[in-house]
Structure formats: structure tokens, C-alpha cells
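Chemist: After the C-alpha cells below, expect a handful of questions from me.
The values are calculated or read from the model by the stated rules, or taken from the named source; none is laboratory data. Small disclaimer: the values here were computed from a predicted structure and weren't measured. As a convention, Cβ positions derive from the backbone with ideal geometry for all residues, glycine included, and neighbour counts pool all protein chains shown.
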2 protein chains.
Amino acid sequence: MKATGIVVEYNPFHNGHLHHAAKAKELSGADIVIAVMSGQFLQRGEPAFADKWTRTEMALSAGVDVVIELPYAFATAQASEFARGAIELLGAAGCSSFCFGSEQGTIEPFLKSLELLSTERERYNQIIHDRIQTGISYPKALNDAYLTLTKGSEGYADLTKPNNILGYHYIEAAHKLNSPIKPLTIQRIGAGYHDPLEPGVAIASATGLRNAFFEGEELTQLSPYLPSSSIRLLERVHSEQQGFVDWQRFYPMLRFTILREGPKALSRFAEVTEGIENLIHEAAKRSETFDAFIDRVKSKRFTRTRIQRMLTHIFSGYTQQEAQAIKHPEYIRLLGMTQHGRRYLNGQKKAIPLPIISRAADLTGNMGQLDIRASTLYLQAIGADSLKKEYTTPPIYLGKSSDK
Amino acid sequence: MKATGIVVEYNPFHNGHLHHAAKAKELSGADIVIAVMSGQFLQRGEPAFADKWTRTEMALSAGVDVVIELPYAFATAQASEFARGAIELLGAAGCSSFCFGSEQGTIEPFLKSLELLSTERERYNQIIHDRIQTGISYPKALNDAYLTLTKGSEGYADLTKPNNILGYHYIEAAHKLNSPIKPLTIQRIGAGYHDPLEPGVAIASATGLRNAFFEGEELTQLSPYLPSSSIRLLERVHSEQQGFVDWQRFYPMLRFTILREGPKALSRFAEVTEGIENLIHEAAKRSETFDAFIDRVKSKRFTRTRIQRMLTHIFSGYTQQEAQAIKHPEYIRLLGMTQHGRRYLNGQKKAIPLPIISRAADLTGNMGQLDIRASTLYLQAIGADSLKKEYTTPPIYLGKSSDK
């Protein structure tokens, strides 16, 4: 059996993701699709709006065959580390290709950009360094440097677009890892809220859908944008967790934690650097809501996403010391599989170089303990004896084919 | 004007405390009574069931003239440190005497015990050391050593009784500080729940009263045991804070904090020693309630009180490193005063060797920052934008005489 891989967060799983999984299979000619998915915390430095098992079940119900958890250390890292962890896991799981959605829509421009940045690395870094001195943010400096290098030439990927940037990181990661995994891309549909996939089936952004949830829109009203299985699962988790999760919901715990650490100690957490700890502490002292808090802290230099990643690490107690010890994924934590997925894994078992973990109790190393810690803190912040879920939930198994 | 001092927690202020304040004045011949009171956390390692301002107002309404906050570093320390901080503050505030309630009821036995333990210190310590080797708790070892030294002799204080023990610590602290402050004691009434003070006025223990609150008894039903002002203030705080505070209420925050720190890091907090950090972490993982948690951790060797003090320090983020830096009280934080109290303080101002602090913003040193941190964490754990109270509440001033 042949497998292709995708890197996902499914926050939530919507029609665009359905399209992505189907196209990945088609384009790669693979028999099954393996998704490596962030756990309880996401790359933008946010708690997932629904727990990882709900998001896994949504995916398995709509075309994904295996869901693997991207360990916290990669899932909440900067894009290059995030990509490296994900691509390495997909390679370990035996995928012969991976497929990402991009604004670009074809793979050649990415390969051309990779070639350019590999050969011109020194000049590129110099421009970035110079630009940062002017006080702009790191992402902005990257962008400026890239534009300078590609100016006047054609055929390069447009790395001002968010999905192109992430896609580029995947390709660069595969290249650096010297991995035989083959990159593929599909045209991303649906920047807008109502972009149609096929008549009557529309694509909305995950952000747009989450906003609709938090503004109290009925889940059934969102049926044009989500598979019916997603709606059913979202209704279940909404009732179990008494609402969805966002930073505002976790703000009492986050604020308590920031005040308890005090400004000095905050600087030991991952990504918290350059004197921002005082600002974070002062803002927590003064702000009754998360929105007021983040407005006090973010700036041109420290983007919202970067601040949120710091907050995620403070919340999870993830220190710079821990981050420095992280090298490569050490296990494949199986969150769920379909019948097809199980058949594939059984066949591949001997070829997979990492242990396949089905129970949290088997995560004994530092990387695994960190995953358990982040997950139990997420569950504890939701409240009401849900913490033990991390230890007791087995991989989700969907015995019959999807109900999409 | 002449002042006498008392050391209190007022958790809550009841008829026994009314009696104590009145008798202290009578016995000392003082014009006013100064209470040094624990803030949001108490010596038994518990959050106070009502905030420090409510407890201050109860005291001022019923016979106490000045309330000073015992800094966190002393209020939550072992008895000898607790006593040292309290007696030093009373001395600084200009008290010529202090008066404690004891089972003993007269001061001579304490002075005789002090004499004995001062001269036989070495033998005493040796016995304690030997007893601890047998695996018993520190308080039990102290007790054994004392019994061995006083065996067959008469006239010593009975240091098996809790209030006698605390009283002995005060006297020993005054002695070690070489303080001119004169120790006084009154007979403690009311070990039982209904012990009468005068016809129709009964004394219940603070613990008994708190249990009654938490079991949902109507506050007005407790009027035989509490001054009417206490009942009024308790009704107010109960409504403002949506109930009273205990560890069960703070358990979600405590549990989150323990899980976030992980077992290794727990050992850096004050009083957390001897490998108990793994037990604390494991118990937090498994226990959905505070009662279940404490039952898993406490033992003959680690008493409930000792564990609770560890938890208080973990909750407040108070490290061994911070504790080692604590020497002497650095300020007098004024929580409240009556008209009488104000007149006294105005007259004494120049003689008081420590700064008198009325606003949290003026607490700039480490000891003061710790007080602010502990108080804001207490308020944040109660919830609902009450945190700023620590910064905005001025000392309570009762302009007219008490309404007892």
C-alpha cells in the first residue's frame, strides 16, 4: 500500500480539508492519506478550539486514514521547526509523498525558490540581518530579503502568501533532511468565506468558522461549510466541554500563571526574549480580558502570533532549556485510524523506524512527557475532571469507511 | 498612649477573639490593642476563608484598634519564624506588651520552660535528632524531647497543647530578639463548640465555625458565636466572593500549577524537601478533589499542616531561594485602624523604626513584592476582576468606636 502525507490542524475540519485529503490521494496515486496533526496547541500559539480526539474523529470521518500527533515541541514552534517535525514524521510513517495546499498551486516555483535560497543563503541572511536592525519583525525581514533576491526574475514562488510560506518550509525541511519524500501541492481554494467547491458545497476559512462559533451561530447554520460528521462531532464536544476553547476561556489560568511567575522568571520560557517579560507581566496585571491583554503586548516588532507562542509556552511551562534539548521526533503517537489506515500500519510496522505509541503511559522520554503535560494542562483548564482523558483515551478507530 | 499587641488570623473573628482583645487591654493596662494578622494565607498553610480586608474590618468593629499585616514570608512559615516576624512587628509598632491565649493561662510556666530550654539546648536538640531518625514527624520529636527534659519536674508549661506551643514560640522569639516587650497570657476558653463566655454568649472554634459555613449553615444561625458586626461582614463577603474560600475552591488552580511545574521543578519551592515532590505530582494527577489529594500525600511523617504549607508555597511560587533571603520584617503594612488607633499611630510615628505602608504600590522590595504576589494570586483564584483590590484598597478606617 502507498501512502501520502498531509500536515494539518483541523481547527475545525471543514470542506476545504475534505477537498485537500481527496486531492492529495488523487495527485499522489496513494491508497491512503496520513495526517500529522497538532495536538491541543497550535502553531499560531493558541489552544485548539476542540480537543485533539474530536479533531481526529472529524478527519477520520471525512477521508483521512491515519492521524498522528505532531509533538508539542514542533507543533508550537516557529514555521521551520514545525515543518521539520511534520515532514520527518511523515517520512518515518512511510509516506512516499506529501501534499500541501498553496496559493501557488504548482510545485515548480517552490523548487526554483529552494534552489535560489540554497545557493544564495549567505546574501539572503545578510539582507535579513540588515533589515532586522531597522526594527521590523522577523517575518517582514524574511520577506524583504526574498523580494530583493527575486526582483526582476520570474517563476519563483510568491512567498508573501501564508500557505506558500508554509509550503516552502515543508519543501526546505525535506531537502535539509535529505528525505526521499516527494513534494506535491494543490491549488488552495477559498480565501473567502463562501468560495464554492462544487455547487452547494462552499469553503469557509477555519478562522471564519471559529468566529461564527464564538459569536454564537448555530452549528447547523454552518452546514454548507462543514461535512455533516464535523457538525455532529462539534455539537458533541460543545456540550461536553461547555463551549469551545479559546484564549479568553483560558485567560484566568494564563493570568494566574504569569502573575505567579513574576517578570524575571518569565524570561526562562521558550521564545520569551528581549525584555518583553516585563511588558507581559504588567499587561496581565492590568487586563481583565485576553483581548485587552494582547492589545497591550503586541506591536510591529512582536506580532500577535509570536506573542501567542510565548503565552503558549508560559502556559505549558515549556522552558528554553527544554526547547534546546529537542532534536527529532522520537515516536509516532497514533491518535486514530480507519480500517484502511490500520491495514497500512500493520503492513508497514517493521519498516517504521520509530515506536508507534497508542497509550500516553508509554511516552516515557522528555518529549513525550511534555506532550502529556501540555495536554493535561489544556484539559485541566477546561475543567471538570477531564484531565484523565489524556491517559485513558485509546486511538480512535473507525471500522467502516467514511461517511462523507 | 500605651499599646499592647496580639497575634491573630481571625478566620473568622468570633466571640473568643472579642474576649481576647478585651482581656489583653485589661491585663496590660494599655489604651489600645494592635493586632498583627496574617494576610491571605495562614500559618496552617491554607488560604484564608475571607480576604484580609474583611477580616480587618471584623476586628476593628469589635475591639481591635490597629491591624497590621504579617508579611507572607512569616505568616506561612513554621511556628518559630511566624512568631519571630509577629513579635518583631509588634515591638516595632511600639507595643510594651503582647498577650496570647493559652491553655496554661499563666505566664510563669512559660518563663520556666524558656529557662530550661535555653540552658539545656544541646541535650534537647540531641533528643530531637535521635527521635527524628525513628521516622516520626518533627512536631512529635519536639514534644518527645520536651517531655524527656521535664519528666518528674513540675511548673513547666504543657507544650502538648497547641496554643501553649504557639505562646512558647512568641516568648522564645521575644527572648532571642532581646526585645523589651513583656509577655502576657490569658486562659483560653472554648475548646468546645458551645463553651459559654457569659450567659447567652458562646465560644466556638474558628474551625467549627468554618465547617458550619461550608456545610451551608445560615450565617444568622451562628449569631451566638460571632459579634453581629462579624455576621454582617461575612454576609457581605460571601455575596461578593460567591462563597467562602478553602483549598477545594482553589484546587483547580493548585492542580494546574503542580502539573505545570512537573515533579522535578516542585522541589525548588519553600519547604518542599526530601523527595515528596513526586508524591505531590502523582497525587495531583490522580485526584479530582482536594480532600482526595491531601489524603494521598499526608502521612505520619508529613503532617497535613506541613503539606499544606508546601502547597501554599507552590501556589504562590515562593521558592527556597526567596525564603533564604528573608531576614526581618521590612515595613508595617497598615490594613486598618480605628480613630483611637490613628491617634496612637500619629503620636508614635517618629518612634517607629519601619516605614508605615498604606498602599501596595509603595511595597518595592522583595518581601513586599511577595506579599503583593500572594495576595493577587489569591484574588485571581477567587475570580471575577477582584485582583486590583490589592492595589486599590486603602487601609480601612473606622471613625467611631466599635459596635460590639
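Chemist: What tally of residues in region B:380-389 results from selecting those that are in contact with a Ser or Thr (Cβ under 9 Å, 6 or more places away or on another chain) and crowded, with 20+ Cβ neighbours inside 10 Å?
Modeler: We begin by selecting, within region B:380-389, every residue in contact with a Ser or Thr (Cβ under 9 Å, 6 or more places away or on another chain); these are B:380, B:387-389.
Checking the rest, the ones that are also crowded, with 20+ Cβ neighbours inside 10 Å come to B:380, B:387.
The qualifying residues number 2.
Chemist: Another question, if that's okay. Just checking, how many residues over region B:375-401 are hydroxyl-bearing (Ser, Thr, Tyr) and more than 11 Å from every other protein chain (Cβ to nearest Cβ)?
Modeler: Let us first name the residues in region B:375-401 that are hydroxyl-bearing (Ser, Thr, Tyr), namely B:375-376, B:378, B:386, B:391-393, B:397, B:401.
Still in the list and also more than 11 Å from every other protein chain (Cβ to nearest Cβ): B:392-393, B:397, B:401.
Here the count works out to 4.
Chemist: Tally time: how many residues in region A:121-137 are touching a residue at least 24 places away in the same chain (Cβ under 8 Å) and surrounded by fewer than 17 Cβ atoms within 10 Å (Cβ to Cβ)?
Modeler: Qualifying residue count for the region: 3.
Chemist: Might you check whether a residue that is over 27 Å from B:Glu271 (Cβ atoms) and either of a type in the set (Lys, Arg) or in a helix (DSSP H, G or I) (or both) occurs anywhere in region B:93-109?
Modeler: Looking through region B:93-109, at least one residue is over 27 Å from B:Glu271 (Cβ atoms) and either of a type in the set (Lys, Arg) or in a helix (DSSP H, G or I) (or both).
Chemist: Here's another thing I want to ask about it. When residues of region B:176-188 are filtered for being under 14 Å from B:Ala83 (Cα atoms) and surrounded by 16 or more Cβ atoms within 10 Å (Cβ to Cβ), how many remain?
Modeler: So the count comes out to 3.
Chemist: May I ask you to list the residues in region A:254-282 that are among the hydrophobic types (A, V, I, L, M, F, W, C) and within 16 Å of A:Arg309 (Cα to Cα)? Give the derivation first.
Modeler: Kept after step one, since they are among the hydrophobic types (A, V, I, L, M, F, W, C), are these residues of region A:254-282: A:254, A:256, A:258-259, A:265-266, A:269-270, A:272, A:276, A:279-280.
Those that are among the hydrophobic types (A, V, I, L, M, F, W, C) and within 16 Å of A:Arg309 (Cα to Cα): A:Leu254, A:Ile258, A:Leu266, A:Phe269, A:Ala270, A:Val272, A:Ile276, A:Leu279, A:Ile280.
Chemist: Within region A:352-365, can one find any residue that is farther than 30 Å from A:Tyr397 by Cα and in contact with a Gly (Cβ under 7 Å, 6 or more places away or on another chain)?
Modeler: no
Chemist: Mind telling me which of the residues B:Ile326, B:Ile332, B:Ile356, B:Ile372 ends up being within 14 Å of chain A (Cβ to nearest Cβ) and among the β-branched types (Val, Ile, Thr)?
Modeler: It is B:Ile372.
Chemist: Just for helices (runs of 4 or more DSSP H) wholly inside region B:1-76: which have at least 1 residues that are touching a helix residue (DSSP H, G or I) at 6+ places or on another chain (Cβ under 7 Å), closer than 19 Å to B:Thr312 by Cα and without any contact (Cβ under 8 Å) to a residue 40 or more places away in the chain?
Modeler: Passing ranges, in order: B:72-75.
Chemist: If we keep just the residues of region A:325-362 that are within 15 Å of A:Phe74 (Cβ to Cβ) and modelled with pLDDT under 95, which is farthest from the chain's Cα centre (by Cα)?
Modeler: So the residue we want is A:Ala325.
Chemist: What number of residues in region B:130-150 are under 20 Å from B:Ser113 (Cα atoms) and β-branched (Val, Ile, Thr)?
Modeler: 2
Chemist: For the list (1) modelled with pLDDT of 95 or more; (2) farther than 23 Å from B:Phe302 by Cα; (3) crowded, with 24+ Cβ neighbours inside 10 Å, I need the number of the one condition that B:Glu88 fails.
Modeler: (3)
Chemist: Test of understanding: among A:Glu282, A:Glu288, which residue is away from chain B (no Cβ under 11 Å) and either out of contact with any Leu (no Cβ under 8 Å at 6 or more places or on another chain) or not polar (S, T, N, Q) (or both)?
Modeler: Exactly one residue qualifies, and that residue is A:Glu282.
Chemist: Applying the selection to region A:100-115, what residues are in contact (Cβ under 8 Å) with a residue 60 or more places away in the chain and closer than 16 Å to A:Glu172 by Cβ?
Modeler: Selection gives A:Phe100, A:Ser102, A:Gln104, A:Ile107, A:Phe110, A:Leu111, A:Leu114.
Chemist: Does A:Thr160 fit the bill of being exposed (fewer than 15 other Cβ atoms within 10 Å of the Cβ), outside any helix (DSSP H, G or I) and free of Cβ contacts under 8 Å to residues at least 40 places away in the same chain?
Modeler: Answer is yes for this residue.
Chemist: State the number of residues belonging to region A:223-248 that are away from every other protein chain (no Cβ under 14 Å), surrounded by fewer than 20 Cβ atoms within 10 Å (Cβ to Cβ) and in a helix (DSSP H, G or I).
Modeler: The qualifying residues number 9.
Chemist: Got a number for residues in region A:71-112 being within 18 Å of A:Gly5 (Cα to Cα) and basic (Lys, Arg)?
Modeler: Going through region A:71-112 one residue at a time, the tally reaches 1.
Chemist: What is the residue count in region B:253-279 for residues that are more than 13 Å from chain A (Cβ to nearest Cβ) and in contact (Cβ under 8 Å) with a residue 24 or more places away in the chain?
Modeler: Matching residues across region B:253-279 total 4.
Chemist: I'm checking my understanding of the structure. Among residues of region A:31-54 that are out of contact with any Ser or Thr (no Cβ under 9 Å at 6 or more places or on another chain) and crowded, with 24+ Cβ neighbours inside 10 Å, which one is modelled with the highest pLDDT?
Modeler: In this case the residue turns out to be A:Val36.
Chemist: Moving on to the next point. Give the number of residues within region A:269-303 that are modelled with pLDDT under 95, closer than 24 Å to A:Gln133 by Cα and among the basic types (Lys, Arg).
Modeler: Looking only at that region, the number is 3.
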